[in-house]
Amino acid sequence: MVMARINITDPTGTVVSPGMVLLEGILRDEGHDAQVVTGDLACQGGLFRAAPDAWYLSTVSVRQFLALPAFFDRVGLEVLAAARASTAPLVALGGYPAANPLPILPLVDVVALGDGEATAPALAAALDRGGKAAALEAAEETQGLAATRAAFALARAEGPFGARLIPMARGRAAVEVARGCKRRCAYCAISWLVPYREADQEEVHQVLAASSCRQVNLLASSLSDVSWATALPAMLAATGSRDVGEHVSIRSYLRGGGGAWRSSVATGIDGASERIRRATGKPITDDEVVAAVELARDLGVTRLKLHQLLGMPGETAEDLDAWRGLWARIARVAAESARLQVIMSTHFHLATPHTPLEETAAVRQVPARRCAAACRTHAHAVNKATGRSAVLVLQAKGYGQWRLEQYLMRADETAAELILRRPGEKLIRSQRWEEMVPPTRPRAWGCVDAGVPARMREAALRRYWLEMGGHPPVLGHDAVSP
């Protein structure tokens, strides 16, 4: 049998994620000829297989959809799938952004949604067996794959998965400990699209012991949720390993004493007030956030990044006032350290498909934007008063970028026409997404069965509004008045 050659990359050709390296290992274990490449290297006269049998494109953001035309130019393919010759490489795209596959269906041959451990080998086996034609046929018959607008279901693997070492940059490695998330936060796609699964404890121990790399990033949405999390410190000590991952939940950071080896920490607050955090299913208190900042200061951490969601459905001026008060408390703690830099990275809520809040999205986010601007002014004042240029940094995702992502998440095949126009991003940013995707239009992702009963999402939505003490705003209208 002639083995199919598969290149794994992202549409921009610049990102090598742990998921891509993991997929490469899974395919190679199945006997397939797979290789992770970057876009530039893949096109240098055959140095890295410029003409593979298939391109597997991994995405983590809908913004990467806009890079598809340039990607096809680099690899010498027609942009529209229907215009490509039958001998052209197969193009498959997967990742969380494909939860609504319609915007990119005209551009790729196959969309993969769900666990790549199930979909990628099935597609590769079909390529090995009968080339592109066989792969397209398999896509119509395999759960989690689609080549047309016909209804399809996510691939949902169950049970423990095999632990493996994932080589990364700078001499480090990653080990996946858990997939999915137990918490079912109302806004998060991972909680609702990916079944929670864990690697076997003994397998993880064996992988760490066998590795010559001692700086590892233990991958999980929340290590504290892993059923055998209490065994991790002893496991790391026994194998001489250090967990160098930055991302950690606030409560596990506090419970574990911070981990003295971390000089950089990133965690999520996700909600302007305690009320909103309780409603979303992430009931972190302001006191816990401040305690985490104090712990980072005491441990000599140099960089603490706090992710914050603003513009949540039902958010009021009181919620934003509470966030300003929390920001002021954080600022006082940060100013007491000669080393600590606190970065607040703000994001506006996105009505993400297949989540309980999929039908709740504001138009302008005016109050949240004004609040972020006020906090940025406060940060400048603190920095000036302390004589340090960057004690506090407020990073706000741009309004245009938020509007772009909201449109691409909710659009249908007509979005491909804008993606094909090279200044597509400017075109989308210049228009109102709620006019391009009217609230009365049926959900574009209705063809996808996410595997979670609608009643579960509806129950989570009822709990959200019960906690918020209000009624859901109409889709496409601001949750609070400017």
Which is at pLDDT below 90, over 23 Å from the mean Cα position of the chain (by Cα) and either assigned to a helix (DSSP H, G or I) or surrounded by fewer than 18 Cβ atoms within 10 Å (Cβ to Cβ) (or both), of Ala338, Ala322, Ala291?
-> Ala338
Answer yes or no: is there a residue in region 147-170 that is of a type in the set (Gly, Ala, Ser), outside any loop (DSSP other than H, G, I, E, B) and farther than 24 Å from Glu458 by Cα.
-> no
When only residues in region 375-423 that are aromatic (Phe, Trp, Tyr) and modelled with pLDDT of 80 or more count, which is farthest from the chain's Cα centre (by Cα)?
-> Tyr407
Looking at region 188-234, which of its residues are at pLDDT 90 or above and assigned to a loop (DSSP other than H, G, I, E, B)?
-> Asp200
Read through the list (1) part of a strand (DSSP E or B); (2) of a type outside the set (D, E, K, R); (3) not assigned by TED's automatic domain parsing to the domain that holds Cys371, then give the number of the only condition that Ala238 fails.
-> (1)
Sole residue being hydrophobic (A, V, I, L, M, F, W, C) and more than 30 Å from Val244 (Cα to Cα), chosen from Ala322, Ala334 | Ala322
Can you pull out the residues in region 109-131 that are more than 30 Å from Tyr196 (Cβ to Cβ) and over 28 Å from the mean Cα position of the chain (by Cα)?
-> Leu127, Asp128, Arg129, Gly130, Gly131
Kindly indicate whether Arg262 is at pLDDT below 85, part of a loop (DSSP other than H, G, I, E, B) and crowded, with 21+ Cβ neighbours inside 10 Å.
-> yes
In region 42-67, which residues are at pLDDT 50 or above and farther than 30 Å from Arg410 by Cβ?
-> Arg49, Ala50, Ala51, Pro52, Asp53
Checked region 1-18 for anything surrounded by fewer than 19 Cβ atoms within 10 Å (Cβ to Cβ) and within 17 Å of Leu123 (Cα to Cα); matches are Met1, Val2, Met3, Arg5
Would it be correct to say that Ile276 is β-branched (Val, Ile, Thr), in a helix (DSSP H, G or I) and within 24 Å of the chain's Cα centre (by Cα)?
-> yes
Within region 302-319, which residues are in contact with a helix residue (DSSP H, G or I) (Cβ under 7 Å, 6 or more places away or on another chain) and surrounded by 23 or more Cβ atoms within 10 Å (Cβ to Cβ)?
-> Leu304, Leu310, Gly311, Met312, Glu315, Asp319
Inter-residue pairs, beta-carbon under 8 Å, first within 21 Å of Ile104 (Cβ to Cβ) and in region 122-151, second among the acidic types (Asp, Glu) and in a helix (DSSP H, G or I), 6+ apart = Ala126/Glu137; Ala146/Glu140; Ala147/Glu140; Thr148/Glu140; Ala150/Glu140
Looking at this structure, is Gly39 buried (at least 24 other Cβ atoms within 10 Å of the Cβ) and either in the same structural domain as Leu136 (by TED's automatic domain parsing) or at pLDDT 90 or above (or both)?
-> no
Select from region 172-187 the residues that are over 19 Å from the mean Cα position of the chain (by Cα) and assigned to a loop (DSSP other than H, G, I, E, B) and list them in ascending order.
-> Arg172
Which residues, counting only those in region 189-226, are among the polar types (S, T, N, Q) and within 23 Å of the chain's Cα centre (by Cα)?
-> Ser191, Asn217, Ser221, Ser222, Ser224
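Quick grid of which residues meet (1) in contact with a strand residue (DSSP E or B) (Cβ under 6 Å, 6 or more places away or on another chain); (2) of a type outside the set (D, E, K, R); (3) farther than 14 Å from Val448 by Cβ:
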position	(1), (2), (3)
Leu102	no, yes, no
Arg129	no, no, yes
Gly144	yes, yes, no
Ala157	no, yes, yes
Phe161	yes, yes, yes
Arg172	yes, no, yes
Arg179	yes, no, yes
Ser191	no, yes, yes
With the condition kept exactly as written, say whether any residue in region 206-217 is within 18 Å of His247 (Cα to Cα), in contact with a Cys (Cβ under 7 Å, 6 or more places away or on another chain), surrounded by 21 or more Cβ atoms within 10 Å (Cβ to Cβ) and outside the structural domain of Leu22 (by TED's automatic domain parsing).
-> no
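The values are calculated or read from the model by the stated rules, or taken from the named source; none is laboratory data. The structure displayed is predicted, hence computed values, not measured ones. Ideal geometry is used to build each Cβ from the backbone, glycine not excepted, and the neighbour counts take in all protein chains shown.
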